[in-house]
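Below: the structure, in structure tokens.
Nothing in this text is a laboratory measurement; each read-out follows from the coordinates by a stated rule. This structure is a prediction, so every number in the text was calculated from the model and none was measured. We place every Cβ from the backbone using ideal geometry, glycine too, and count neighbours over all the protein chains shown.
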Amino acid sequence: MKIKSLLILFVFITNYSNSQSWNSGCVDGIRGGGHPKTFSASIGYGTNYGGRGVQAAVYFTPKKKVGISVGAGDYFGDIFVNAGVKFYLWKTLYLNPHYGYFKRIYFYEYDEFSEVVEHKHKVLGPGFFMGYDWFLKHNMGINIGGGINYDNQYLKKIYPGIDIGVFLSF
């Protein structure tokens, strides 16, 4: 029993150390260095994905620390679009100011026959997220982010938001 436990621990440590060295090499590759990558595509859910959707980013600066991202998706039957800038602060930790649709709200009123009339509006406004790109393989990983969005059209309120997706980097 002890040998089996030690073998499992050894395999775990070996895989963990290999993945850490692999990930650190990916970070250098994705942000410049030997194999610079300038484009990423992802699929996921959240504000920057337009609900359930896709997102693409292009990185411009020499060390690939600043890029422009655009996302579009389906949010319960409506098409939501969002665009922003990604600023990488440290390795794969980033800030993402963006602008786009992030919520749908409903207004109800009575017409002249005392019937309820529903008005559906897509909410457009700025947002500010912080997130992390977690590399699982050389050019593939998970993107997790969160932050706030501001409704500057209707209710003038701040709403929380999230992003989670899987990305490929080219």
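Can you list residues whose amide H is under 5 Å from Y154's amide H, if they're 5+ apart or on another chain and H is modeled 1.01 Å from N?
none
Quick one: compute the contact order of region 42-139, relative version, from alpha carbon pairs under 8 angstrom and 6+ residues apart, as a percent.
20 percent
Please tell me which of these pairs span more than 20 angstrom C-alpha to C-alpha: K86/K120; K64/K91; K65/K103? Could you put the intermediate results ahead of the total?
Details: K86/K120 31 Å; K64/K91 10 Å; K65/K103 29 Å.
As for pairs spanning more than 20 Å Cα to Cα, those are K86/K120; K65/K103.
Ranked by Cβ crowding within 10 angstrom, fewest neighbours first, how are W90, W134 ordered?
Lowest count first: W90, W134.
Skipping prolines and chain starts, which residues have an amide H placed within reach, meaning under 5 Å, of the one on V123, given they are 5 or more residues away or on another chain?
F102, K103, R104, I105
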